[in-house]
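J.: One structure, as structure tokens, below. Some questions next.
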Amino acid sequence: MSLYKRGRKWWTNFYVDGVRHEESTGTGNERQAQIIERKLIAEANARRFDILEADPTANFAEVSAKFLASGAARPHHAYHLKFLLPFFGETVAYRITKSQAAEFRKARHQGNPKIKDASINRDLSVLRRILDWAQDERLIPANPIARIKLERERRTRRQVLSLDEEEKLLATAAPHLREMAVAALDTGMRRGEITGQLWEDVDLHRRLLYVTRSKTPEGEAREIPLTARLFELLAGKSPRDNVVFAYEEAPVRIIKRSWKSALRRAGLRHIRFHDLRHSFNTRLMEAGVMQEVRMALMGHSSGNKVHSTYTHVELPVKREAIARLEEWVVSQRKLIGGNYAPTQK
């Protein structure tokens, strides 16, 4: 193998199995050129022995298309790709660098000065996830940004819906959105868990709901006792298919427009649908429910560490927690003259 200068760039000229390879390293720094040369030789050998199932020169757009078609993608991956593809799409996936990621962050800030580092961190996390997948599928030799460091995120106050705001929201929301909001407020389920809920996982006889389609593994197959309000809502529905929450007999996919319309009609501040989950947790806390029980109901792990064990809480304890929640709501609604039926025991 040999490096030589052509103009201001270093080029490499080497042979693999009698085949001559000549390629620019793209740099004028000799030490960097030596590192790049070694990678080029490794890639050539990988292709020779069919270690890779695809050309390692595939760009990020091609790798992303395969990722989306694989079934491994989630809705939020497609969302973040709207920002990633215009910047990284034509770049060879294996050649994406940390400095390019820094340039992406800079470009995102320039395009939207109000964007938070946390939002850009989500973009880059999806970028890293897709490249991890590509490595696992042997589409690229390695993830070039596997150890990228994300910006530290400032802790922000989580929005909590007051009972007065809840009444206004439910009064103005479209019927399908109102049902989803009640489910979120009374179970703490994520939007995706609610839209994916099936009737086969609802036990009206035992007043239980089983979450079997969660975003996270710890959220799968957890059981949540039904409040009286949610029980009456579900018992009064006439299922036409297996999806519990539907719009015009079809599964609900997007609620962004209807959610904004409901907030506008109710005259409420900006609140995310996800904040209803935070409201459920906060209300449980104010009702005196222990953290471990709240975690079990919401599908959270019992700690922040990767290898932490998951909380297991017996069903009677969960029923007591939901009963406490309803008692707390009743006491609070007396202050605003509202009505809220407690759980029938």
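J.: Which three lengths, in whole Å and largest first, does the range 109-148 cover when its Cα atoms are put on their principal axes?
T.: Rounded to whole Å, the extents work out to 38, 15, 14 Å.
J.: If you don't mind, another one. How far is helix 60-70 tilted, in degrees, relative to the longest principal axis of the Cα atoms in the chain, given as a value from 0 to 90 rounded to the nearest 10?
T.: 50
J.: Of the listed values [x] 23.8; [y] 20.0; [z] 23.2, grab the one calculated as Kirkwood radius over Cα pairs in Å from the structure here.
T.: Correct label is [x].
J.: Further, regarding this structure: For a Förster distance of 45 Å, can you work out the FRET efficiency between the beta-carbons of residue 330 and residue 39, rounded to the nearest 0.05? Provide the component values of the computation, followed by the final result.
T.: Values: r = 66 Å, r/R0 = 1.47.
So the FRET efficiency works out to roughly 0.10.
J.: Could you work out the relative contact order of the chain, using alpha carbon pairs under 8 angstrom and six or more residues apart, expressed as a whole percent?
T.: 13
J.: Applying 1/(1 + (r/R0)^6) with R0 = 51 Å to the Cβ-Cβ distance of residue 14 and residue 70, what FRET efficiency is obtained, to the nearest 0.05?
T.: Working: r = 34 Å, r/R0 = 0.67.
E(calc), rounded to 0.05, equals 0.90.
J.: Calculate how steeply helix 175-187 sits against the longest principal axis of the alpha-carbon atoms of the chain, using the helix alpha-carbon long axis, and give the answer as 0 to 90 degrees to the nearest 10.
T.: Taking the Cα atoms of the chain, the angle to 175-187 is about 90 degrees.
J.: Could you name the aspartates and glutamates whose alpha carbon sits less than 20 Å from that of residue 334, not counting residues in the same chain fewer than 8 places away?
T.: 164, 165, 166, 167, 186, 286, 326
J.: How far is helix 315-333 tilted, in degrees, relative to the longest principal axis of the Cα atoms in the chain, given as a value from 0 to 90 rounded to the nearest 10?
T.: The two axes meet at around 70 degrees.
J.: Please work out how much length the chain gains when fully extended from residue 290 to residue 136, using 0.36 nm per residue of separation minus the C-alpha to C-alpha distance, in nm with one decimal. Each step should come with its number before you reach the end.
T.: Numbers: separation 154, 0.36 × 154 = 55.44 nm, distance 4.03 nm.
Extra length available between residue 290 and residue 136 comes to 51.4 nm.
J.: Here is a follow-up. Would you calculate the separation in nanometres between label points at residue 5 and residue 170, each defined as 7 Å from the Cα along the Cα-to-beta-carbon direction?
T.: 7.6
J.: Which whole-number percent is the relative contact order of the range 195-282 (Cα, under 8 Å, 6+ apart)? Numbers along the way, then the final one.
T.: Numbers: 75 pairs, mean separation 22.2, N = 88.
Over the range 195-282, the number comes to 25 percent.
J.: What does the helix-only formula give at 222 nm for the chain: each DSSP H stretch with n ≥ 4 adding -39500 (n - 2.57), the total divided by the residues, and the result rounded to the nearest 500 deg cm²/dmol?
T.: On the way: 13 runs with 164 residues, N = 345.
The helix-only estimate for the chain comes to -15000 deg cm²/dmol at 222 nm.
J.: If you don't mind, another one. Is there a quick way to get the dipole size of the chain? I mean about its Cα centre, with the Cβ of Lys and Arg at +1 and of Asp and Glu at -1; what is the value in debye to the nearest 20? Can you show the working numbers first?
T.: Working: 61 positive and 43 negative charges, 305 e Å.
I would put it at about 1460 debye.
J.: Order the peptides 37-44, 13-20 from the highest to the lowest mean number of other Cβ atoms within 10 Å of their residues. Don't skip to the end; give the middle numbers.
T.: Details: 37-44: 16.8, 13-20: 10.8.
Ranked by mean Cβ neighbours within 10 Å, highest first: 37-44, 13-20.
J.: How long, wide and thick is the range 154-288, going by the Cα atoms along their three principal axes, in whole angstroms, largest first?
T.: In descending order, the Cα extents are 37, 35, 27 Å.
J.: Which net charge results for the neighbourhood of residue 143, defined as the other residues with beta-carbon distances under 13 angstrom from its beta-carbon, given Lys and Arg at +1 and Asp and Glu at -1?
T.: Working: positive: 95, 98, 128, 129, 138, 147; negative: 132, 136, 137.
Here the count lands on +3.
J.: Related question: On a straight-distance basis, which lysines could pair with residue 39 in a cross-link, Cα separation under 29 angstrom, same-chain partners fewer than 8 positions away excluded?
T.: Output for residue 39: 5, 9, 66, 98, 106, 149.
J.: Please give, to one decimal in nm, the separation of the simple spin-label points placed at residue 235 and residue 79, each 7 Å out from Cα toward the Cβ.
T.: 3.5
J.: On to the next question. For the chain, with every protein chain kept in place, what is the accessible area per residue (1.4 Å probe, Å²)?
T.: Working: 19960 Å² over 345 residues.
Computed with neighbouring chains in place, this is 58 Å² per residue.
The values are calculated or read from the model by the stated rules, or taken from the named source; none is laboratory data. No experiment lies behind these values; they were computed from the predicted model shown. Cβ atoms come from the backbone with ideal geometry, glycine included; neighbour counts cover every protein chain shown. Just the protein is used for accessible areas: all its heavy atoms, side chains included, with ligands, DNA and RNA removed. Shrake-Rupley method; radii C 1.70, N 1.55, O 1.52, S 1.80 Å.
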